[in-house]
Amino acid sequence: MNPTPTMIREYDRDAPDQKETETAAFALGCFWGPEAQFGAMDGVVRTRVGYAGGTKPDPTYHDLGDHTEVFQVDYDPADLSYADLLAVVFENHDPSHQTRKTQYQNIVFYGSPNQRETVESVLETRELDAKTIETRIERHTQFHLAESYHQKYNLKAEQSLLDPFEEAGYDDERLRESPAAAKLNGYAGGHGLSEENDLGALLKRNSSASV
Ligand code: MHO
């Protein structure tokens, strides 16, 4: 059994609200992949994708200008730290190499003086120097949301997992901001969910039941 519309609504109702979470933004190539990967992590509550890092007003996927594909994660600092997220970011790309195309460049955006300090200390522990690595380290200013069809892209390719959201009456915005959708998008992208997560536990029961 997949999650029901009621399970989705309850999961979202019980998730930490936006006042309890902090936001981090990164660019690591095509944003579909990392939105799913980070969405599956315990402590990541919401995810969304968009464009940032450039100057062009109102970028769109087909008219990106100097912007880059970026994903945002809202995480619960009681469960996951910014340094934990950075550890995954630096395991996921090679900081001595940068992608030529601006659209797919690797960028760590810091959104506060605290995040900036954490970036510096994580780089130091990894014996990396912000001045010599290729990864761009920049302040997170404007974030332009990407088109709906790019949000939760992996989930949208799994109709059976998308069905309960449609049955629950979710529109594009609610799906984009849904904590359940962040988890199921990760699952659809091939990232296992922890069994400490209610949706992870449910899907695990399904897979063992069907063996
Ligand atoms: N057009 C590429 C990348 C999409 S990503 C949102 C593809 O279809 O895989 O840049």
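The values are calculated or read from the model by the stated rules, or taken from the named source; none is laboratory data. These figures come from a predicted structure and were not determined experimentally. Don't worry about glycine lacking a Cβ; one is built from the backbone with ideal geometry, like all the others, and counts go over all protein chains shown. These area figures cover heavy atoms from the full protein model, side chains too; ligands, DNA and RNA do not enter into them. Shrake-Rupley method; radii C 1.70, N 1.55, O 1.52, S 1.80 Å.
Our summary of shape: the Cα atoms of the stretch 38-85 have principal axis extents of 37, 17, 12 Å, ordered from largest down, in whole angstrom.
Explain nothing, just the number: dipole magnitude of the chain about its Cα centre with +1 on each Lys and Arg Cβ and -1 on each Asp and Glu Cβ, in debye rounded to the nearest 20. Each step should come with its number before you reach the end.
On the way: 20 positive and 37 negative charges, 88 e Å.
Dipole about the Cα centre, nearest 20: 420 debye.
Farthest towards the positive end of the charge dipole of the stretch 5-203, among the residues VAL88, ALA52, TYR11, is the Cα of ALA52, using unit charges on the Cβ of Lys, Arg, Asp and Glu.
Going through the cross-link list LYS19/LYS183; LYS56/LYS156; LYS56/LYS101; LYS101/LYS131; LYS56/LYS183, which pairs have a Cα-Cα distance over 24 Å in this structure? Walk me through the intermediate numbers first.
Details: LYS19/LYS183 20 Å; LYS56/LYS156 29 Å; LYS56/LYS101 16 Å; LYS101/LYS131 20 Å; LYS56/LYS183 32 Å.
Violating the 24 Å Cα-Cα cut-off are LYS56/LYS156; LYS56/LYS183.
Rounded to whole Å, the principal axis extents of the Cα atoms in the stretch 5-203 read 50, 37, 29, largest first. Taking 7 Å steps out from each Cα toward its Cβ at LYS56 and ARG126 produces label points 2.8 nm apart. The stretch 42-128 gives an Rg/Rh value of 0.98, both radii derived from C-alpha positions and Rh following Kirkwood. Considering only SER160, SER148, SER96, the Gaussian network model of the chain with Cα springs below 10 Å gives its largest mean-square fluctuation to SER96.
Shown in residue order for the stretch 31-40 are the 3J(HN,Hα) couplings computed by the Karplus curve 6.51 cos²θ - 1.76 cosθ + 1.60 at θ = phi - 60°: 6, 4, x, x, 4, 6, 4, 6, x, 6 Hz (x for Gly and Pro).
For the stretch 116-201, what relative contact order do you get, as a whole percent, if you take Cα pairs closer than 8 Å and at least 6 residues apart?
Numbers: 48 pairs, mean separation 18.8, N = 86.
Normalised by residue count, the contact order of the stretch 116-201 is 22 percent.
Comparing PRO113, PRO59, PRO179 in a Gaussian network model of the chain, where Cα atoms under 10 Å apart are tied by springs, the biggest mean-square fluctuation is seen for PRO113. Nonpolar atom fraction for the chain, defined as the carbon and sulfur part of the 1.4 Å probe accessible area, stands at 46 percent. Multiplying the residue separation of GLU20 and ASN206 by 0.36 nm and subtracting their alpha-carbon distance yields 63.8 nm. In this structure the chain gives 50 Å² per residue of accessible area when probed at 1.4 Å with all protein chains present.
Divide, for the stretch 81-179, the radius of gyration over alpha carbons by 2.2 N^0.38 Å, where N is the residue count.
Numbers: Rg = 17.3 Å, N = 99, 2.2 N^0.38 = 12.6 Å.
Here the Cα radius of gyration is 1.37 times the empirical estimate.
Highest mobility in the GNM of the chain, judged by mean-square fluctuation with C-alpha springs under 10 Å and restricted to ASN92, ASN106, ASN154, is found for ASN92. Couplings 3J(HN,Hα) for the stretch 20-25, derived from phi with the Karplus relation 6.51 cos²θ - 1.76 cosθ + 1.60 (θ = phi - 60°), are 8, 10, 10, 10, 10, 9 Hz, where x marks Gly and Pro.
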